[in-house]
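The values are calculated or read from the model by the stated rules, or taken from the named source; none is laboratory data. For clarity, every value in this text was computed on a predicted model and none was experimentally measured. Neighbour counts run over all protein chains shown; Cβ positions are idealised from the backbone, glycine included. Heavy atoms of the whole protein, side chains included, go into the accessibility calculation; ligands, DNA and RNA do not. Shrake-Rupley method; radii C 1.70, N 1.55, O 1.52, S 1.80 Å.
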4 protein chains.
Amino acid sequence: MLSFENDYSCGATPEILARLAQTNETRFPGYGSDSMCEQAKAKIREACAAPDADVWFLVGGTQTNQTVIDSITPQYAGVVAALSGHVNVHEAGAIEASGHKVLALPHHNGKINADELDAYCATFYADDNYEHMVFPGSVYVSQATEYGTLYTKAELERLAEVAHRYDMPLFVDGARLGYALTAEGNDITLEDLARIADVFYIGGTKVGALFGEAVVFTHHGKFSDTPKHFLTLVKQHGALLAKGWLLGLQFDTLFTDNLYCRIAGNANRQADRIRAALRDKGYQLTFDAPTNQVFVTLDQPTIDRLSRNVRMGFMEKADDTHTVMRFCTSWYTTDEQTDALIALL
Amino acid sequence: MLSFENDYSCGATPEILARLAQTNETRFPGYGSDSMCEQAKAKIREACAAPDADVWFLVGGTQTNQTVIDSITPQYAGVVAALSGHVNVHEAGAIEASGHKVLALPHHNGKINADELDAYCATFYADDNYEHMVFPGSVYVSQATEYGTLYTKAELERLAEVAHRYDMPLFVDGARLGYALTAEGNDITLEDLARIADVFYIGGTKVGALFGEAVVFTHHGKFSDTPKHFLTLVKQHGALLAKGWLLGLQFDTLFTDNLYCRIAGNANRQADRIRAALRDKGYQLTFDAPTNQVFVTLDQPTIDRLSRNVRMGFMEKADDTHTVMRFCTSWYTTDEQTDALIALL
Amino acid sequence: MLSFENDYSCGATPEILARLAQTNETRFPGYGSDSMCEQAKAKIREACAAPDADVWFLVGGTQTNQTVIDSITPQYAGVVAALSGHVNVHEAGAIEASGHKVLALPHHNGKINADELDAYCATFYADDNYEHMVFPGSVYVSQATEYGTLYTKAELERLAEVAHRYDMPLFVDGARLGYALTAEGNDITLEDLARIADVFYIGGTKVGALFGEAVVFTHHGKFSDTPKHFLTLVKQHGALLAKGWLLGLQFDTLFTDNLYCRIAGNANRQADRIRAALRDKGYQLTFDAPTNQVFVTLDQPTIDRLSRNVRMGFMEKADDTHTVMRFCTSWYTTDEQTDALIALL
Amino acid sequence: MLSFENDYSCGATPEILARLAQTNETRFPGYGSDSMCEQAKAKIREACAAPDADVWFLVGGTQTNQTVIDSITPQYAGVVAALSGHVNVHEAGAIEASGHKVLALPHHNGKINADELDAYCATFYADDNYEHMVFPGSVYVSQATEYGTLYTKAELERLAEVAHRYDMPLFVDGARLGYALTAEGNDITLEDLARIADVFYIGGTKVGALFGEAVVFTHHGKFSDTPKHFLTLVKQHGALLAKGWLLGLQFDTLFTDNLYCRIAGNANRQADRIRAALRDKGYQLTFDAPTNQVFVTLDQPTIDRLSRNVRMGFMEKADDTHTVMRFCTSWYTTDEQTDALIALL
C-alpha cells in the first residue's frame, strides 16, 4: 500500500534516531532545562539571525496553537484566522476550549488577505456595539497553509502591519514550515519570518522529527515578547514534555548542517513530480500550490481504483460526482514510491 | 429626543412596579426557592400547556444563553447558530468563554434553514476527520430572530426533527418571544413551542420586565430534560439572582391575565405603523419582518437629519453611501411617539 | 415566622422604590451608559475621596467576584483567599470555572493573616518547582468577612503591602461593606479602602438595593487600574445588566445623604441587641464579631424549639450534639422583630 | 554528578529503542489508529484480565490527568484529591484551567482515607447550601502516591465503595504504577486495579518509555465507561500524539514478557538499598514508603555536602535547619550509582 495520506506517517530522520541511541543512557534534567535544549535554541536563533529570540519546544501542533494563542490573545478577544485555518477546522475546538473565539476570514486558497483583515477590523471598530462583540486580538496564519499555498514576503509584511495597527500580534503556524522554506518561488526565509512575525513555530512532527514544534518569540517589537511565566502556561495547556531533552535533541539535529531544509526539499520535489504527472495525464489540480500537498479533483471511479493501492487524504466533496483528494508527500517519500504512484495514475 | 434605539430603554409595566411596592417589605427565602416563583412557574406551565415542564428564572439574555448552551452542549461539541445569531455576534464571546465553538450557518434574514442544517451535519459526519473537528452538539435559534423575522411552525418542527436526528437539542432564544407570539402571520403558540423545542426562554427584559428571562425545559423527550444540578450551573455562570422572588414576581405578573402578550402586541402595532409610513414615503425596507424591529436602508443625509430628533440603531453599512438602520419599538412605545417619528420621516 | 436567615430577604429601601416609580417611564440608553450611572459614580468617587477611581455596576456578588478575579489574576495564577472565603466555598466553583485555582490560606475567624500570606508566597518562590505550581496572582479578602469579623486598617495595609511585594493586587469583597463601615470598633473608612485596596466593591444586594454591586478600581498604583475593555469582560462573565440605569439609580440613591451607612447601622444595632441577649441568657457566641451576623453554638433541642418560629442559617456542625447557627440581621430588621427573637431565646 | 533527582532523567529501555529503529521507516496511519496500538491495547487488556477494558495512549501525565478528570467530572463538580496530590500541587493549575476545583482532603503520607472521604461527602450533602458549593464529582488517587506510599487493596476497595455511593468514579493516577506493582508488601495487582478502579493509567514516562501513559477505562460498572468521543476530548486537551504508533510501540514493548514490571522492580531494589544505608547511618527517613522515592530529613550542611556530587529533589522545609529531600531511583538506576550514593552518605 502506497502511503500518501499525510506527512506524519513515518518515524524520524536517521540522524535523530542515531542521536537518541547515543544519548539514551545520559542523565538529563527535566522539562527542557538541559544543555541539549540550550544548544538547539542557540542554533535556531542563529538560523533565524535573531539573537534576542526566545525559543521553546512543545509537544505537538494543536498544543502549540492552543498554548500560544491563549497566551497572546487578550481575554476579551478572539484570534483572526482563515476559514480554512487548522485552528478553525481541525483542532477539536481546542481554541474555544481555552476561551477564545476564532474569528474566521474568507480564505483564498488557504490564505487571508491583508486588505480584508483591515476591512474586518475597521468594520469592527466602526460598529457602535463593538464592546459587545469579540475583539480581534491576534492573527493566525499558516505557512505553508492548509492548502499548501504560500504567503509572499510582501503579503506577510502587510499582514503584520495591519495586525500591529489594530494592536494584534501576528502568529505564524509553521507546522509545515520546512516545506514552505524550500518551495519553488518561496521568498520568505527564516530570517524574514523572525523579523516579520511576532511569534511562529518551526514544525518538527511533519518535517523529520518524531514529534515536537519549536516556538520562537521573536522579541523585536511590542507584540513579540514571551508571555510571562510561559513554562507554566505550556504545562497548563498540556504541551510540556517531561523528558524535554528529547525535543532539544531533535531540533538540535534538524538544525545541524541545515538538515531541516535538506530533508524538506525532498517532499517538494516529489510533490512537483506528482503534479507534473497529473497535469500530463489530464487531471485537474484543484489548487495551484508549490509545497508538499497536491490537491486534485477526482471522480469516484478513479478514487475507487486508486484506493486499492494508495492511501490518500479526503479533502471535501467538489460536487455530486467529484471529490477533492490530497496526495501528501513528506521528507521520507522515496523516488520509488512516487514512481509507483505515478504509474497508477 | 425620540427613543427608537432598542426595546429595553424603559422600566417595567406599571403592574410590576405595583407588585414590587406591595411586596417590598415581605420576607422571602433566597435564590428562587420562594412561593412567588412557584406561582409564576405554575402559570407559565399552564400557558405552555406543559404540566411537566421545568421553569427557571435567570437574570438576563446573555447569561441565559451561556448557561443553557454550556449545560446542554457536550464538551466535545459546539452550538449551531445563524451567522447573525446573538450568541455568534453580540455576546462578547460568552459562549466561547465557556468552552464551546459557535458553528455558524448562513442566515436568511436571520433564520437558519433545516435543509442546510441537515447538509451541514451530513457533511460533518461524512468527513473522515470528523473526530478532529467540533461536533455539532446543539442548535440555537431565536424567535423572533435578530432581524425581526419569524420561523413558521413547519420550519421549527423541521429544525427540531433534523436536530434530534443528529442527537442535538433545539434551544430557542425567546428574548423577544412576546413580539413573535403576537406578530401578524405568526403561527407558533407557546404550546407549540413547548411541544417542539427542547428548551426555550421567555424574554422579560425586552417585554415588560425590569430584567429576567424564564427558561423552560420542556421535558417531553430525550433531549428536553433539565441538566442535573442546574441551580449550581446557573450560579456558576453568573445567572442566579439572590433575591430570586423579584424574578418570580415579574413573571407572575406578566403571566396573569395574558399581560405578556397584551403589552407585546403594542410594539408590533407601532412597528406596523412605522413600516406602513416608510413604504408610503418611498423608503426601502431592508427586510420584510412582522415584529417590533423595523430595518430600513437610509442615505447619510437622512440619517443625519433624523438623528437630530430620534435615537435609532446602527445595523451595518449597506454600501458607501447607505446604511441599514433600525427603528425598534417596544411594549412601552406610545402612539404619540410613533406619530412624532412618522412626522419626521 | 421571624426571618433572620440572611440579609437579602426583603426588597429595597423605600427611597429606591420611589425612584424606580418616578423614573419608570423615562427612556435611558442601555448597559450603564446613562446619566443616572454617571451621577452615581460621581457620588461614589466623592464618598471615596478618590477622584480618579473608576466605578462599575454589576448585577450580583458571585458575578462580581468571578469577573474581577478573572480579570485581575494572570492566566498562570490563582487567587489567594481564606479557606472560609465566599469564593472558596459558596460560589459553585465560579472561580475555577473561569480557570483559576483558589489558593486557600487558613482563616482566623474569617480573616487571613499578612504574615501567613507572606510566608505562603515566600515558600512558593523558594520551591524549586514553583513554575509547575499555581502562582499566587491576586489576593481576595472580604470586609466584613463571611464570619462577620473585620480587618483593621493596619491589617489591611499590611495585606496590601505583602500582596504588592509579590506582584498581586488586593481585592476586597464588600458584599457586606455597609455593615463593616458602621460597625462598632471599625477603623476603615471608604476613603481608607479606596487608598489601600486595588479594587473593591460596595455591596448593594445585602445593603438596601434590590440587587447590584458597585466595583471600584481605585487607580492609585500599578495594580489598581481597570482591566482593558472591562465592559466586554463584564458581559462575557454574565454580570452586565441591559437596563443598567437600574443599578445607577439604586447606588445614586444609596449614596445620597449617606443613606447607605444610615441603613446599614440599623443591622449592627439589632445584631448587638441579639448578642447582648444571648450573652445575658448564657448562650455561647461562637465568634466575637461586631457586624450583622451573630454566630451562636446551639444544642439540637434549642434549634428545634427556635426553628418553629425563626428562620436561622445553618453554619456547620460543632460536635455531635451542637451546631453553629447564624442569626443575620439586615438594614430592614425592625426593633419588633428583634424583640420577638429575643423573647424566644 | 550522580542523578537521583527524579525518575525521568534518562531515555527508554533498550528494547524500545530497538523497536523504534526497526519500525522507523514503516508507514503508519496517524493518531493511534494503527496496528501497533491495537496490539499494545490487547496486551494491556490481557495483563489486566479485563477483556472489555478500553485503552488509550496519551502523551504525558499532566495531560492525562487533565483530560480524564475533565471528561469524567460533571460540570457542576470538582475532583476530590489528597492535599498532596499531583493534580492539586504540581500541574500548574491544569485542572482548574479546565474548569474544575480540586477538593483537597488531608493526606496521610500521601494517601486519602475512605472514612474521611465519606465524612466529607456526608457533610457536603448535609449542608443546606450544598447547591451553592462545588459538588464532589470524582475521586483522584495516585498509586504509588507522591510520597511513594501505597494503598492496600482493602483501602482502594473501600475508596471505590465510598466514591460510588456518592456517584463518583474513582480515577487512579498510575504515573508510577510500575513501582507500586513491584514494591514489597504491595497487594494490588493490575487485575485488581482494573476490577476496583473506574479508570486508571499505566505510567510510561517514569517507567521505561520515552514518554506516554496508557489510560484504561475499565468498563465494569456504571462509572467506568469511556466518555463519549474521547478521542476528540484527548485532542482538545492537548494529549493526542500525531504519530500515535510511537505510543503503541512503547507500550507493546513494555507489556511483552512482563518487561514493565521487570524494569520497575530494579528501582525499588535500589531504593531499598538506599533506605537501608540511611537507616544504618542513622539518618531519619521522613516517611516509611516501599517504592522508588526515598524521603529523608537532612540538615543543611549535609545537603550542601551531598549536593556537590548528587542531584536530589527538594521536597519541603521541615524546620529552620532541616529540609525534607528526596532520592529518587528509577528503572535505569545502576548498582554502581547506588553504591556511589551510599558511599557519599
Next on the checklist: At 0.36 nm per residue, and after removing the present C-alpha to C-alpha distance, how many nm does the segment from B:Asp52 to B:Glu15 gain when stretched out fully?
Outcome noted: 10.5 nm
Checklist entry - With the dipole of the range B:14-254 worked out from charges on the C-beta (+1 for Lys and Arg, -1 for Asp and Glu) around the Cα centre, which of B:Ala209, B:Leu103, B:Ala114 lies farthest toward the positive end? => result B:Ala209
Next on the checklist: With a 1.4 Å probe and all protein chains kept in place, how much accessible area does D:Thr145 have, in Å² rounded to the nearest 10?
Outcome noted: 0 Å²
Item to check | ³J(HN,Hα) computed for each position of the range C:186-193 - Karplus, 6.51 cos²θ - 1.76 cosθ + 1.60, integer Hz, glycine/proline x | outcome: 5, 10, 10, 8, 4, 4, 4, 4
Checklist entry - Roughly how many nanometres apart are two label points built 7 Å out from the Cα toward the Cβ at B:Ala42 and C:Gln39? => result 4.1 nm
Next on the checklist: Just to be sure I understand: chains C and B are related by a rotation, so which residue of C has its Cβ closest to that axis, and how close in Å?
Outcome noted: C:Gly238, 1
Checklist entry - Which sequence of B:Arg176, C:Arg279 reflects their accessible areas, 1.4 Å probe, from the largest down? => result C:Arg279, B:Arg176
Item to check | Pair C:Glu191, A:His219: separation of 7 Å Cα→Cβ label points (nm) | outcome: 4.8 nm
Checklist entry - What Rg and what Dmax come out for the protein assembly as shown when only alpha-carbon atoms are used, in angstroms? => result 32.5, 104
Item to check | Over the range A:142-228, equivalent-ellipsoid semi-axes from the Cα gyration tensor in Å | outcome: 21, 16, 10
Checklist entry - Hey, what's the per residue convex hull volume over the C-alpha atoms of the range B:75-227, in cubic angstrom? => result 112 Å³
Checklist outcome for this item: Protection proxy (average C-beta count within 10 Å per residue), highest first, orders C:60-72, A:31-43, C:296-308, A:13-25 as C:60-72, A:31-43, A:13-25, C:296-308
Next on the checklist: Suppose you put the label 7 Å out from Cα in the Cβ direction; list, shortest first and in nm with one decimal, how far A:Pro301 is from each other copy's label.
Outcome noted: 6.6, 9.2, 9.8
Item to check | For C:Ser142, distant residues with modelled amide H under 5 Å away | outcome: C:Asp173
Checklist entry - Per the Kirkwood definition applied to all pairs of different Cα atoms, how many angstroms is the hydrodynamic radius of the range D:1-88? => result 16.8 Å
Next on the checklist: Set the bar at 30 Å for Cα to Cα. Now go through D:Lys111/D:Lys222; B:Lys43/B:Lys228; B:Lys222/C:Lys235 and name every pair that lies beyond it.
Outcome noted: B:Lys222/C:Lys235
Item to check | Other-copy label distances relative to D:Asn258, 7 angstrom Cα-Cβ extension, nm | outcome: 5.5, 8.2, 8.4
Item to check | Check: chain D dipole with +1 on Lys, Arg Cβ and -1 on Asp, Glu Cβ, in debye | outcome: 840 debye
Item to check | For the range D:237-334, alpha-carbon Rg and Dmax in angstrom | outcome: 17.6, 51
Checklist entry - With contacts defined as alpha carbon pairs under 8 Å and 6 or more residues apart, what's the relative contact order of chain B in percent? => result 25 percent
Checklist outcome for this item: So the FRET efficiency between D:His108 and D:Thr23, C-beta based with R0 = 56 Å and rounded to 0.05, is 0.80
Checklist entry - So which lysines pass the test for A:Lys206, namely a Cα distance under 16 Å, with those fewer than 8 places away in the same chain ruled out? => result D:Lys243
Next on the checklist: Can you compute the FRET efficiency between C:Asp167 and A:Ala343 using 1/(1 + (r/R0)^6), with r the Cβ-Cβ distance and R0 = 60 Å? Round to the nearest 0.05.
Outcome noted: 0.35
Checklist outcome for this item: Computed over the range C:14-254, protein heavy atoms only, probe 1.4 angstrom, the accessible area per residue in square angstrom equals 29 Å²
Checklist entry - Once every DSSP H run of n ≥ 4 in chain D is given -39500 (n - 2.57) and the sum is divided by its residues, what mean residue ellipticity at 222 nm do you get, rounded to the nearest 500 deg cm²/dmol? => result -11500 deg cm²/dmol
Checklist outcome for this item: Counting Lys and Arg as +1 and Asp and Glu as -1 over every other residue whose Cβ sits under 13 Å from the Cβ of D:Cys37, the net charge comes to 0
Next on the checklist: For C:Asp34, what residues show an amide H to amide H distance below 5 Å, using hydrogens built from the backbone and excluding near sequence neighbours?
Outcome noted: none
Item to check | Surface share of carbon and sulfur [accessible, 1.4 angstrom probe, percent] for the range A:269-345 | outcome: 48 percent
Checklist entry - Ignoring ligands, DNA and RNA, how much accessible area is buried between chains D and A, both sides summed, with a 1.4 Å probe, to the nearest 100 Å²? => result 3700 Å²
Checklist entry - Rounded to the nearest 20 Debye, what is the dipole magnitude of the range D:98-209 about its Cα centre when Lys and Arg each give +1 and Asp and Glu each give -1 at the C-beta? => result 420 debye
Checklist entry - Which of the aspartates and glutamates could a cross-linker bridge to D:Lys101, judged by Cα under 18 Å and excluding same-chain residues fewer than eight apart? => result B:Asp70, C:Asp70, C:Glu91, C:Glu96, D:Asp70, D:Glu91, D:Glu131, D:Asp167, D:Asp173
Next on the checklist: Just to confirm the numbers: A:Asp288, label point 7 angstrom along the Cα-Cβ line, distances to the other copies in nm, shortest first?
Outcome noted: 4.4, 7.9, 8.7
Checklist entry - How much length is gained on full extension from D:Ala122 to D:Ala276, taking 0.36 nm per residue of separation minus their Cα-Cα distance? => result 51.2 nm
Next on the checklist: If R₀ is 25 angstrom, what is the calculated FRET efficiency for the pair C:Gln284 and C:Glu184, using the beta carbon separation as r and rounding to 0.05?
Outcome noted: 0.75
Item to check | Overall Cα dimensions of the range C:79-163, principal axis frame, Å, largest first | outcome: 37, 31, 16
Checklist entry - Given B:Leu298, B:Leu341, B:Leu254, which one lies farthest toward the positive end of the charge dipole of the range B:238-345, if we put +1 on the Cβ of every Lys and Arg and -1 on the Cβ of every Asp and Glu? => result B:Leu254
Item to check | Rg and Dmax of chain B, Cα atoms only, in Å | outcome: 20.2, 63
Checklist entry - What does the charge count near D:Leu345 come to, summing +1 for each Lys or Arg and -1 for each Asp or Glu among other residues with Cβ under 12 Å from its Cβ? => result +3
Checklist outcome for this item: Toy charge model, Lys and Arg Cβ at +1, Asp and Glu Cβ at -1: the range D:245-345 dipole around Cα centroid in debye, rounded to 20, equals 100 debye
Checklist entry - Short version: ³J(HN,Hα) in whole Hz for each residue of the range C:316-324, in order, from phi by Karplus 6.51 cos²θ - 1.76 cosθ + 1.60 (θ = phi - 60°), x for Gly and Pro, what are they? => result 5, 5, 8, 7, 4, 10, 10, 9, 7
Checklist entry - What residues qualify as long-range amide H neighbours of D:Ala318, i.e. H under 5 Å apart, gap of 5 or more or another chain, H built at 1.01 Å from N? => result D:Thr323, D:Val324
